[in-house]
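Before any comments, here is the structure.
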Amino acid sequence: PMMLELMRIWYDDHNAIVRNKTMNEAIKRVSPLLVEIIRQGVREGVMSTPFPDQAGSMVFSLFQSLGDSFFVPLLL
């Protein structure tokens, strides 16, 4: 119940700016880690992409969207 209430507050329209700023900061911090993982995968031959930087940001965005898709329906 506490987590659900926290998510209600987090996804409230009044927190849109905070969520956006948090997401932008997370992208700056997490994407480089994902990029390095993707580059390692390319070096090892288990991944293939000519654009590891963009792939890192895309993977992070997909994870974020997946999390949103789990929580938002619970709040309705």
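Key figures
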read-out: Top-ranked residue in segment 51-76 [being open to solvent by 100 Å² or more (accessible area, probe 1.4 Å) and part of a helix (DSSP H, G or I); ranked as modelled with the lowest pLDDT]; value: Leu74
read-out: Hits in segment 1-24 - residues which are under 20 Å from Asp53 (Cα atoms) and open to solvent by 70 Å² or more (accessible area, probe 1.4 Å); value: Asn24
read-out: Cβ pairs under 9 Å, 6+ apart, first in segment 3-27 and on the phi < 0 side of the Ramachandran plot, second among the hydroxyl-bearing types (Ser, Thr, Tyr) and modelled with pLDDT under 90; value: Arg19/Tyr11; Met23/Ser61; Ile27/Ser57; Ile27/Ser61
read-out: Residue ID - modelled with the highest pLDDT, chosen from residues in segment 27-47 that are among the small types (Gly, Ala, Ser) and surrounded by 13 or more Cβ atoms within 10 Å (Cβ to Cβ); value: Gly41
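The values are calculated or read from the model by the stated rules, or taken from the named source; none is laboratory data. This structure is a prediction, so every number in the text was calculated from the model and none was measured. Every residue, glycine as well, gets a Cβ built from its backbone with ideal geometry; the counts of neighbours run over all protein chains shown. Just so you know, the surface numbers come from the protein's heavy atoms only, side chains and all, with ligands and any DNA or RNA stripped out. Shrake-Rupley method; radii C 1.70, N 1.55, O 1.52, S 1.80 Å.
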